[in-house]
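Single-structure report; data block below.
The values are calculated or read from the model by the stated rules, or taken from the named source; none is laboratory data. Quantities reported herein were computed from a predicted structural model and do not represent experimental measurements. Because the Cβ atoms are built from the backbone with ideal geometry, glycine has one as well, and the counts that use them run over all protein chains shown. For accessibility, only protein heavy atoms count, side chains too; no ligands or nucleic acids. Shrake-Rupley method; radii C 1.70, N 1.55, O 1.52, S 1.80 Å.
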Amino acid sequence: MREKATTLYIGPQHPGITGNMMVRVKVEGDTIVKATTEVGYLHRAFEKLIEQRNWLQSFTLLCRFCVPEPDPVEESYARAVEELEGREVPERAKYIRVMVLELARIASYMLWYGGQAGSLGLYTVGQWSVGDRNYILDLFEELTGGRVYHMYIWPGGVRRDMPEGFEEKVLKTMDYLEKRLDDYDDLMFENSIFKKRTKGIGIIDKAKAIEWGVVGPPLRGCGIKHDVRIDDPYEVYDKLDFVVPTHEGGDIWSRAQVRRQEIRQSIRIVRQVIDKIPGGDFYNKIPNPQKWALPKGDAYARTEAVRGEVGMYVSSDGGTHPRRAHFRGAAYVHAITLLEDLLVGENLADISAIMNSLGTCPPEIER
Amino acid sequence: MKEILYYTWGAIVSFVVAFSVGITYMGLNRKITARVQNRYGPPWYQNFIDVIKLYSKKTSIHHGVMHHMGPAFIMVTAVVSLLVIPILNGNKFFPNLNFQGDLIFLLYIMVFGPLGMALGAGQTGNPNSAIGVTRGLSQMAGFEIPWVMALVALMIQYKTTSIVDLMNVQVESGRWLMFSSPFAFLAAVMAMLGMFRYAPFDIVGAPQELASGPMSENGGKYLFVMMSAGSVFTFAKLTLYVDIFMGGADNLIILVVKTFTLYLIPMLYGITSPRYRTEQSVRWFWGWPSFFGLLAILQAALF
């Protein structure tokens with residue numbers, strides 16, 4: 001006898017959802033037979049607002065595309081603008097940018113630890129990682145003046161130089177975090193229940209992943225090595241030694257393994273940056289922003305964020321404001337196309353875990 | 001008449017003791033969990049404040065008689081269990097409605113509350129409540145097996161269905177049943193993890209999955225009754241374990257030490273564990289815990 005289907009509304013305000021969006025699921029027993037994502041709760045018309053501002057003013061909006069990791073959006077926009085104008089960026093600024101991007105990556109992964117472990121009821125790891133993330137936010141505060149929103153990477157370089165003794169603090173924080181990762185491993189990755197809850201769940205088909213444009217850890221969790229930092233190096237990534245971890249399987253466990261190893265690679269990159277960073281200017285000053293007109297044309301810059309490849313397209317008609325700005329975020333594919341497909345056939349208990357494993361960020365969808 | 005008053009007064013005092021100790025344990029749970037998680041955490045008496053706050057809230061949502069009775073069923077279960085379970089060895093003040101067969105009676109009465117809650121949650125019409133209740137009953141079918149096996153093993157081994165008789169066996173032999181019937185103890189302790197519904201068995205009200213499950217439509221005074229009943233039931237369950245496996249207690253201090261030591265098991269396991277899915281939880285209880293229960297019965301029957 002066929003069970004009666006029940007409709008459940010997971011979100012828009014729900015402990016199992018990563019932000020303001022909703023997943024409407026139809027379940028028979030505990031099995032999901034249909035999933036529909038609903039977004040629109042956060043729409044603020046970022047792209048349209050950017051058109052109303054001059055080339056510099058948009059940075060207060062850009063960082064709000066994705067709260068956990070705002071820096072890649074700033075960086076891709078800044079680099080697109082620089083490409084459009086042909087503006088050179090000092091070498092020191094490039095190194096600082098990479099350091100900031102990697103620190104943001106680690107901080108964002110710390111939040112992911114909390115989300116992924118929390119979605120499975122393991123709150124201790126989440127409390128630890130969110131607490132440890134604060135040490136990185138302390139560094140951001142000292143460097144940029146802001147803990148979450150930085151508005152630090154901008155056209156021509158970075159907004160200010162590193163304060164005295166900052167390198168030592170960064171290295172000390174990296175040493176601390178590297179030790180803490182062992183604790184996370186013991187409690188989370190070595191935990192048999194965590195393995196049972198994540199292995200074989202939310203499997204992404206490799207062919208579909210490519211067809212749909214899946215990026216980042218969900219793609220690398222299918223065993224496909226794709227990372228903009230290696231495939232199309234920007235800033236100074238081509239001068240740094242690091243590997244891009246991949247894992248076969250395509251399930252939550254594989255995606256978690258990719259992220260687990262990527263944090264260690266980011267720590268490795270930060271140490272190299274501190275070791276290799278040259279002296280000199282940190283900023284190639286732009287003209288008065290109110291009168292700063294960019295040549296006619298368009299440019300696209302892409303950056304590897306924790307969610308995967310993100311990209312910024314800007315178009316200029318020769319004026320002081322962008323004619324058009326368009327952001328390509330990983331979350332659109334992951335949280336809508338992919339999630340709706342992945343959830344069908346899965347257990348009701350796994351919705352939150354699957355969603356967290358994809359790295360969804362609703363504000364990035366509604367831009 | 002004087003005797004009735006004496007026992008009534010004893011029953012009231014035992015309820016107050018059970019409530020206070022139970023709610024303090026839950027408060028300590030929050031504090032210890034916070035310290036493990038690198039947080040300061042709320043004070044140990046926070047749950048007292050929460051209970052008072054919940055009681056003072058006005059309740060304006062009702063879903064019918066059964067919904068109203070759900071929390072009451074839980075409270076009745078907790079209080080009746082408390083009255084049947086001996087609190088101290090040979091003490092006359094605390095009520096003891098002990099009789100031959102009280103272990104079997106407890107097996108039944110301890111599932112009465114969740115069943116009543118199921119009826120109440122079902123009437124709310126909230127799918128989260130209904131799914132939570134289904135999960136709770138499924139899990140109960142899991143941990144009841146090793147729990148019943150452990151008790152049956154003790155009944156066979158010591159040829160009694162009375163808790164007081166089991167306590168007397170321990171007092172006379174000077175040996176706790178956790179040592180003389182280790183398999184029964186293991187099975188019972190593992191079943192206890194399910195009874196407390198802490199991680200990895202917190203599937204009933206899993207926030208990320210079902211909001212708060214059966215409690216979704218309850219607020220204010222309903223939560224007050226459930227929280228109070230939960231405190232009393234926590235104390236009752238722990239005291240039962242102490243009585244049948246750890247020789248009971250001669251005074252309240254020893255009882256608190258023993259019950260809190262037992263309480264640490266589900267608490268610490270919960271702090272370091274993710275949550276099972278429903279079928280994984282049931283399968284777990286039907287695995288090693290049931291195996292130990294079977295060994296306990298074999299030990300009781302053969303030796």
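Scanning segment B:203-213 for residues that are assigned to a helix (DSSP H, G or I) and open to solvent by less than 10 Å² (accessible area, probe 1.4 Å) yields B:E209, B:L210, B:G213.
With respect to being within 14 Å of chain A (Cβ to nearest Cβ) and free of Cβ contacts under 8 Å to residues at least 60 places away in the same chain, B:Q139 falls outside the description.
Here B:R197 meets each of (1) under 13 Å from the mean Cα position of the chain (by Cα); (2) on the phi < 0 side of the Ramachandran plot; (3) modelled with pLDDT under 95 with one exception, condition (2).
Total residues in segment A:130-166 satisfying the condition of being at positive phi and open to solvent by less than 10 Å² (accessible area, probe 1.4 Å): the figure is 2. Of all the numbered requirements in (1) modelled with pLDDT of 95 or more; (2) surrounded by fewer than 20 Cβ atoms within 10 Å (Cβ to Cβ), B:F185 misses one, and that requirement is (2).
Taking the numbered list (1) modelled with pLDDT under 90; (2) open to solvent by less than 20 Å² (accessible area, probe 1.4 Å) in turn, B:V84 passes all entries but (1).
The helices (runs of 4 or more DSSP H) located wholly in segment A:196-280 that include 1 or more residues which are out of contact with any Gly (no Cβ under 8 Å at 6 or more places or on another chain) and open to solvent by less than 10 Å² (accessible area, probe 1.4 Å) occupy A:216-220, A:228-231, A:252-276.
For the structure I just gave you, tell me whether A:G345 is on the phi > 0 side of the Ramachandran plot and touching a strand residue (DSSP E or B) at 6+ places or on another chain (Cβ under 8 Å). It is true that A:G345 is on the phi > 0 side of the Ramachandran plot and touching a strand residue (DSSP E or B) at 6+ places or on another chain (Cβ under 8 Å).
Here is a check on your reading of the model: is A:S129 among the polar types (S, T, N, Q) and more than 14 Å from chain B (Cβ to nearest Cβ)? No: the conditions fail for A:S129.
All conditions but one from (1) more than 16 Å from B:M195 (Cβ to Cβ); (2) open to solvent by 10 Å² or more (accessible area, probe 1.4 Å); (3) modelled with pLDDT under 90; (4) away from every other protein chain (no Cβ under 14 Å) apply to B:G120; the one that does not is (2).
Among what's in segment B:20-41 and is more than 14 Å from chain A (Cβ to nearest Cβ) and in contact with a helix residue (DSSP H, G or I) (Cβ under 6 Å, 6 or more places away or on another chain), pick the residue that is most open to solvent (accessible area, probe 1.4 Å). The selected residue is B:M26. Here B:D250 clears all of (1) away from chain A (no Cβ under 14 Å); (2) touching a residue at least 12 places away in the same chain (Cβ under 8 Å); (3) assigned to a helix (DSSP H, G or I) except the condition numbered (3).
Residues in segment B:217-271 that are open to solvent by 40 Å² or more (accessible area, probe 1.4 Å) and hydroxyl-bearing (S, T, Y): B:T261, B:Y269. Pairs meeting the criteria (first residue in segment A:1-12 and at pLDDT below 75, second residue open to solvent by less than 50 Å² (accessible area, probe 1.4 Å), beta carbons under 8 Å, at least 6 apart or on different chains) are A:R2/A:E28; A:E3/A:E28; A:E3/A:G29. Given the condition within 14 Å of chain A (Cβ to nearest Cβ), in a helix (DSSP H, G or I), at negative phi and modelled with pLDDT under 95, answer yes or no: does some residue in segment B:226-245 qualify? Looking for residues that are within 14 Å of chain A (Cβ to nearest Cβ), in a helix (DSSP H, G or I), at negative phi and modelled with pLDDT under 95, one finds none in segment B:226-245, hence no. If you check A:G156, A:G202, A:G213, A:G145 for being within 14 Å of chain B (Cβ to nearest Cβ) and under 28 Å from A:F65 (Cα atoms), only one passes: A:G202.
Restricting the first member to segment B:1-18 and to residues that are touching a residue at least 60 places away in the same chain (Cβ under 8 Å), and the second to residues that are in a helix (DSSP H, G or I), the beta-carbon pairs closer than 6 Å and six or more apart or on different chains are B:A18/B:L82; B:A18/B:V232; B:A18/B:F235.
Tell me the residue from B:I163, B:I156 that is touching a helix residue (DSSP H, G or I) at 6+ places or on another chain (Cβ under 9 Å) and open to solvent by 30 Å² or more (accessible area, probe 1.4 Å), please. Every option except B:I156 fails the conditions. Just to be sure before I move on: is B:S138 crowded, with 18+ Cβ neighbours inside 10 Å, of a type outside the set (A, V, I, L, M, F, W, C) and either within 22 Å of the chain's Cα centre (by Cα) or modelled with pLDDT of 90 or more (or both) in the structure I sent? Answer is no for this residue.
Considering the conditions (1) away from every other protein chain (no Cβ under 14 Å); (2) buried (at least 22 other Cβ atoms within 10 Å of the Cβ), B:P274 is excluded by exactly one of them, (1).
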